[in-house]
Amino acid sequence: MHFIGRTIPNATSFPQVILTAASFNPDLWYRIGQAIAVEARAMYNAGQADGLTLWSPNVNIFRDPRWGRGQETPGEDPTTASKYAVSFVRGLQGDSPTGERSGQLMASACCKHLTAYDLDSWKGTVRYTFDARVTAQDMEDTFQPPFRSCVEQGRATCVMCSYNRVNGVPTCADYNLLTKQAKNLWGLDGYISSDCGSVDMIYGSSHYAKTPEEAVGYALKAGVDINCGKFMHQYAGSAIQKGNISESDIDRALFNAFSLRMKLGLFNGNPQKLPSGDIPPSQVCSTEHKNLALQAAQEGIVLLKNTGNTLPLARSNVTSLGVIGPNANFPPSLMGNYNGPPCVVVTPLEALQSSIKNTRFEAGCNIVACNVTKIPEAVQLASSVDYVIMFMGLDQDQEQEGLDRTDLLLPGMQQTLISKVAEAAKKPIILVLLSGGPLDITFAKNDPRIGAILWAGYPGEAGGSAISSIIFGDHNPGGKLPVTWYPQDFTKVPMTDMRMRADPATGYPGRTYRFYTGKPVYQFGYGLSYSSHSYEFEAGAATSIYLNNSLSPQAHPNDPNTLSYDIASLGFNTCGELKISATVGVKNHGPMAGKHTVLLFSRWPSTEHGRPVKQLVGFQSVHLEAGESTKVEFSLSACEHLSRVMDDGRRVLDKGSHFLIVGDEEHEISIIA
């Protein structure tokens with residue numbers, strides 16, 4: 001995309017994906033994909049885009065809270081990441097929300113980075129040479145589901161292989177991963193691209209190949225069709241001469257690349273006379289898209305603490321307001337990793353000033369890293385106003401592509417500044433955090449002088465307006481954390497340890513809400529509202545699922561009392577019959593109307609044999625007026641939603657008890673033969 005000195009100088013800047021994931025709203029994800037595709041087409045029509053292949057979405061699992069690129073992802077949960085991938089890709093490529101496709105693609109989506117990529121640069125280990133040692137079990141139930149869903153259900157037309165190795169093999173040189181799995185098993189109808197420079201690194205950084213030609217051979221024969229960079233173009237000729245590749249390998253790659261361009265309509269004549277050829281520059285930064293950016297930020301922001309109903313503030317009660325913090329009035333802090341020039345940016349300070357005339361500002365820190373402070377000035381401001389709102393957290397100097405964190409604490413002197421301001425303020429202060437990754441803010445969670453805490457991710461161009469609307473009660477927060485917020489103690493775990501499951505014998509605590517055995521600062525799915533809600537499973541819900549008694553379960557090798565059915569052996573038809581419906585009653589007890597997300601989990605009677613503590617199986621958002629009730633129905637498949645993965649990567653369905661969970665409510669279902 002080219003902006004400088006062009007007809008279209010800007011584009012709508014949506015929140016970083018980690019924040020929109022917190023909305024748990026597939027319709028929102030779909031519409032964001034749609035909007036991006038429309039703006040891409042408008043730029044292409046105006047001659048400002050070289051093509052329509054957009055290398056998005058990033059659906060890697062946010063496995064470790066220190067990862068600098070976690071902000072680009074839908075979070076730590078495979079189910080959420082999978083649903084995000086499908087919804088966003090369908091919107092971006094111009095399909096219907098349910099996946100129907102008619103005619104030419106709007107744009108081409110590329111699901112990246114296949115696979116087990118979640119470390120950039122940590123304590124001397126870099127992504128270009130890192131060998132992710134991943135078990136078959138973790139690969140099947142954690143790392144691969146988003147990519148499989150992206151291709152099978154989302155029908156993405158591209159998959160990008162990653163920089164790292166997996167179990168010794170560079171992903172861009174892995175035939176089993178790229179051709180056997182992505183192309184043949186999942187049915188990718190499109191092309192595979194390398195990440196930029198990753199084919200070079202098969203030779204240069206990882207020394208997996210002995211020559212440049214051998215590296216080209218490994219990549220092309222593994223299934224790579226497009227090399228981001230010049231390496232393949234530079235050495236393909238000599239690779240043919242040396243016998244590392246054949247012309248048929250190049251023909252296949254060209255076929256996949258040009259077939260995709262045909263699906264985009266790029267060879268169909270005058271683009272202005274084709275579908276989408278009449279999308280004008282006015283569709284970029286349209287009112288509709290800017291409103292969507294605001295909605296995305298509003299729906300994602302998470303209320304972490306609200307002691308004594310500190311929030312919302314009534315404008316009429318605020319005669320003076322103090323705004324403190326390095327993230328209050330610095331537009332780049334709203335954007336995060338990867339963004340174009342935004343349409344219009346409203347900083348949090350500007351949004352608050354538009355509501356409260358007597359608003360005063362003190363940054364308190366020189367930069368977000370906060371190595372130089374103005375604590376006396378901030379304390380003076382805090383002690384002289386009715387209310388104080390602090391904007392702290394991280395920015396791209398702490399976390400981004402190529403930069404992982406080494407701890408989970410607020411940077412520099414931020415914590416000292418917050419505590420000093422809270423001590424001086426007349427009333428409990430409001431703390432707003434901008435970040436992609438989790439933070440250990442136990443001190444703020446437990447400090448009674450900090451009345452409310454909001455996490456706003458990197459909320460994009462409308463972030464300031466979104467935060468202000470929540471602070472003053474124009475919008476009732478409904479976001480829920482898409483990642484676990486770990487304590488600082490978690491940083492004792494090497495980022496290079498890829499194991500998901502806990503190992504009690506060595507004290508390894510496990511990762512993500514599904515396997516972590518420690519006490520989190522805030523758990524996955526946590527998020528408050530200005531209203532209280534209650535749930536109950538509807539009477540008459542199914543309590544048993546019956547299998548044909550001719551099917552024989554297998555005993556666990558080390559536990560004869562654990563009986564399981566192999567999902568592959570059950571087959572498509574049998575699994576298709578094992579469906580149940582769970583209906584949950586939801587009530588908004590007030591005092592405010594708002595959108596509320598219902599998260600449905602399942603669990604087993606124990607975590608033996610590598611079972612998760614629990615796993616998300618579905619989610620739905622509903623809008624409820626104060627005092628209103630509704631019913632939410634979840635359609636579940638036993639083979640998909642109640643199964644687990646064995647050590648060898650096989651998926652099985654355990655005979656016996658399973659439990660559905662929503663809030664504090666549980667409903668037992670038994671698998672019976």
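What follows is calculated from the coordinates using simple rules that are stated; it is not laboratory data. A quick note: this is a predicted structure, and the numbers were derived from the prediction, not measured. Quick reminder, even Gly has a Cβ in these numbers, built from the backbone with ideal geometry, and neighbours come from all protein chains shown.
Go through (1) 96, 32, 24; (2) 63, 33, 23; (3) 39, 33, 25 and flag the label whose value is the computed semi-axes √(5λ) of the Cα gyration tensor in Å for this structure.
(3)
What is the packing order of peptides 391-399, 404-412, taking the mean over residues of other C-beta atoms within 10 Å and listing the highest first?
Details: 391-399: 23.2, 404-412: 19.3.
In descending order of packing, they fall as 391-399, 404-412.
Quick one: grab the alpha carbon gyration tensor of the stretch 93-146, order the square roots of its eigenvalues as a ≥ b ≥ c, and give me rounded if a/c is under 1.5, else prolate or oblate depending on whether a/b is larger than b/c.
Values: a/c = 4.63, a/b = 2.09, b/c = 2.22.
Judged from the Cα gyration tensor, the stretch 93-146 comes out oblate (a/c at least 1.5, b/c at or above a/b).
Within the stretch 539-566, what residues put their amide N at less than 14 Å from the label point 7 Å along the Cα-to-Cβ vector of S606?
Hits in the stretch 539-566 for S606 at 14 Å: 556-563.
When the helix-only estimate is applied to the chain (DSSP H runs of n ≥ 4, each -39,500 (n - 2.57), divided by the residue count), what is the mean residue ellipticity at 222 nm, nearest 500 deg cm²/dmol?
Details: 18 runs with 172 residues, N = 673.
Only helices count here, giving -7500 deg cm²/dmol.
Would you mind checking which residues have amide H under 5 Å from H113's amide H? H placed 1.01 Å from N; only 5 or more apart, or other chain.
Close amide H contacts, sequence-distant or interchain: V59, N60.
Report the gain in length on full extension from S657 to F572: 0.36 nm times residue separation, minus Cα-Cα distance, nm rounded to one decimal. Provide the component values of the computation, followed by the final result.
On the way: separation 85, 0.36 × 85 = 30.60 nm, distance 2.26 nm.
Full-extension gain reported as 28.3 nm.
By how many nm would the segment from S282 to A593 lengthen if fully extended, with 0.36 nm per residue of separation less the alpha-carbon distance? Walk me through the intermediate numbers first.
Details: separation 311, 0.36 × 311 = 111.96 nm, distance 3.44 nm.
Difference between extended and current length: 108.5 nm.
Peptides 658-671, 518-531: what's the order by average Cβ count within 10 Å, highest mean first?
Values: 658-671: 17.0, 518-531: 18.9.
My ranking of the peptides, most packed first, is 518-531, 658-671.
Between G217, A236, G190, whose Cα lies farthest towards the positive end of the dipole of the stretch 116-263 when Lys and Arg beta carbons carry +1 and Asp and Glu beta carbons carry -1, centred on the Cα centre?
It is A236, whose Cα lies furthest towards the positive end.
How far apart, in nanometres, would the label points at D503 and E350 be if each is projected 7 angstrom from Cα along the Cα-to-Cβ direction?
In this crude label model, D503 to E350 measures out at 5.1 nm.
What residues have an amide H closer than 5 Å to that of L188, excluding those fewer than 5 places away on the same chain, when H is modeled at 1.01 Å from N in the peptide plane?
Under 5 Å from the amide H of L188 lie the amide H atoms of K183, each far enough along the sequence or on another chain.
Considering the alpha-carbon set of the stretch 294-478 alone, what are its Rg and its Dmax in angstrom?
Taking only Cα atoms of the stretch 294-478, I get Rg and Dmax of 15.0, 46 Å.
Would you mind computing, in nm to one decimal, how far apart the modelled labels at A555 and S205 are, each placed 7 Å from Cα along Cα→Cβ?
Here the answer is 5.0 nm between the modelled labels.
Compute the label zone of E628 within the stretch 8-27: residues whose backbone N is under 14 Å from the point 7 Å along Cα-to-Cβ.
What the label zone holds, given the 14 Å backbone N cut-off, is no residue at all.
So, with +1 on the Cβ of K and R and -1 on the Cβ of D and E, and no other charges, what is the size of the charge dipole of the stretch 259-305 about its Cα centre, to the nearest 20 debye? Mind showing how you got there, number by number?
Values: 5 positive and 3 negative charges, 36 e Å.
In debye, rounded to 20, the stretch 259-305 gives about 180.
What order, most packed first, do the peptides 11-22, 361-372, 190-201 have when packing is the mean number of other Cβ atoms within 10 Å of each residue? Can you show the working numbers first?
On the way: 11-22: 28.4, 361-372: 18.8, 190-201: 24.1.
Ranking, from highest mean packing down: 11-22, 190-201, 361-372.
Residue by residue through the stretch 492-503, which ³J(HN,Hα) values in whole Hz follow from phi under the Karplus form 6.51 cos²θ - 1.76 cosθ + 1.60 (θ = phi - 60°), with glycine and proline marked x?
With the stated coefficients, the stretch 492-503 comes to 5, 6, x, 5, 7, 7, 7, 4, 8, 7, 5, 10 Hz.
Cα gyration tensor of the stretch 116-263, axes a ≥ b ≥ c as square roots of the eigenvalues: rounded (a/c below 1.5), prolate (a/b > b/c) or oblate? Please report the intermediate quantities before stating the final value.
Working: a/c = 1.89, a/b = 1.08, b/c = 1.74.
It comes out oblate by the Cα gyration axes.
Calculate one ³J(HN,Hα) per residue across the stretch 444-455 by plugging θ = phi - 60° into the Karplus curve 6.51 cos²θ - 1.76 cosθ + 1.60, and present them in order as whole Hz with x for glycine and proline.
Each residue of the stretch 444-455 in turn: 6, 4, 9, 8, x, 7, 9, x, 9, 10, 10, 9 Hz.
Check which residues have an amide H placed less than 5 Å from L454's amide H, if you skip close sequence neighbours.
Distant-sequence amide H within range of L454: L304, L431, V432, L433.
Is the shape of the stretch 326-430 rounded, prolate or oblate, going by the alpha carbon gyration tensor and its root eigenvalues a ≥ b ≥ c, with a/c under 1.5 for rounded and a/b larger than b/c for prolate?
On the way: a/c = 2.62, a/b = 1.28, b/c = 2.04.
It is oblate, given that a/c is not under 1.5 and a/b is not larger than b/c.
Tell me, in nm to one decimal, what length is gained between Q241 and N317 on full extension, where the rule is 0.36 nm per residue of separation less the Cα-Cα distance? List each step's numbers first, then the result.
Numbers: separation 76, 0.36 × 76 = 27.36 nm, distance 7.90 nm.
Full extension from Q241 to N317 adds 19.5 nm.
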